[in-house]
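First comes the structure, then the notes that go with it.
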Amino acid sequence: MTDQTAVNVLATLPPEARTVRDFLDASMKPDPELAATFMSDDVVITFTDGQKYDHPSGTTAFNAARYKWVKKKFGQFDVANTNGQTVVYSTGWLYGEWPDGTPFEGNRYVDRFVIENGKIVKMDVWNESAERILVRKGIKA
């Protein structure tokens, strides 16, 4: 995808999906303080381990313990409006390095966001990292 194509894709995202995309971009820097500007003060973030966080710094710390570095290759953003809330799903793939420096890619993810009044109020995160870690440790085939 060229830079101009990426700009065109971003320009066509609904506002709620753009909020999510901007949040994810800030999270991947990682800049948890900038990421927090896209979230409500009472946000609830449920991460892959079931742990709940109230600020992106919690997920940044989790990721720092799990990966040397990690980024997202975006697939698509799906937006649904139900019961006065807007739900945005971001799907795609994680890539990066494990703590030992071994690269990885193609790790599927799904993030679900609830948006109210232009801010993220709820975030749920799922990905395949745990399964990949089990394979790396020889626990799972």
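Some notes on this structure:
- Given charges at Cβ of Lys, Arg, Asp, Glu: the chain dipole, positive-most of GLY75, TRP98, PHE38: TRP98
- Built amide H within the under 5 Å cut-off of LYS122, gap 5+: VAL44, VAL114
- Lysine pairs meeting the criterion (Cα under 23 Å, 8 or more apart or interchain), as found in the chain: 21
- A simple count of charges around VAL114, restricted to other residues whose Cβ falls under 14 Å of its Cβ and scoring Lys, Arg +1 and Asp, Glu -1, yields -3.
- Sparse packing (at most 14 other Cβ atoms within 10 Å of the Cβ) combined with a DSSP loop state is found for the following trypsin sites (Lys or Arg not before Pro) in region 11-89: LYS68.
- Here the chain carries DSSP beta bridges of which approximately 90% are antiparallel, counting only pairs with both residues inside.
- Approximate spin-label separation ALA141-LEU13, in nm, with each point projected 7 Å along Cα-to-Cβ: 4.1
- Contour minus Cα-Cα distance for VAL44 and ILE133 (0.36 nm per residue): 29.4 nm
- Square roots of five times the Cα gyration tensor eigenvalues for the chain, Å: 26, 18, 14
- Peptides 97-105, 57-65 ranked from most to least packed by the mean count of surrounding Cβ atoms within 10 Å: 57-65, 97-105.
- Evaluating 6.51 cos²θ - 1.76 cosθ + 1.60 at θ = phi - 60° for every residue in region 80-90, the Karplus couplings come out as 9, 10, 9, 6, x, 10, 10, 10, 10, 9, 10 Hz, glycine and proline recorded as x.
- Summing charges over all other residues whose Cβ lies under 14 Å from the Cβ of ALA141, with Lys and Arg as +1 and Asp and Glu as -1, gives +3.
Bear in mind these aren't lab numbers, they're just calculated from the coordinates by the rules spelled out. Every value quoted in this text rests on a predicted model; they were computed, and no experiment measured them. All Cβ positions, glycine included, derive from the backbone under ideal geometry; neighbour counts span all protein chains shown.
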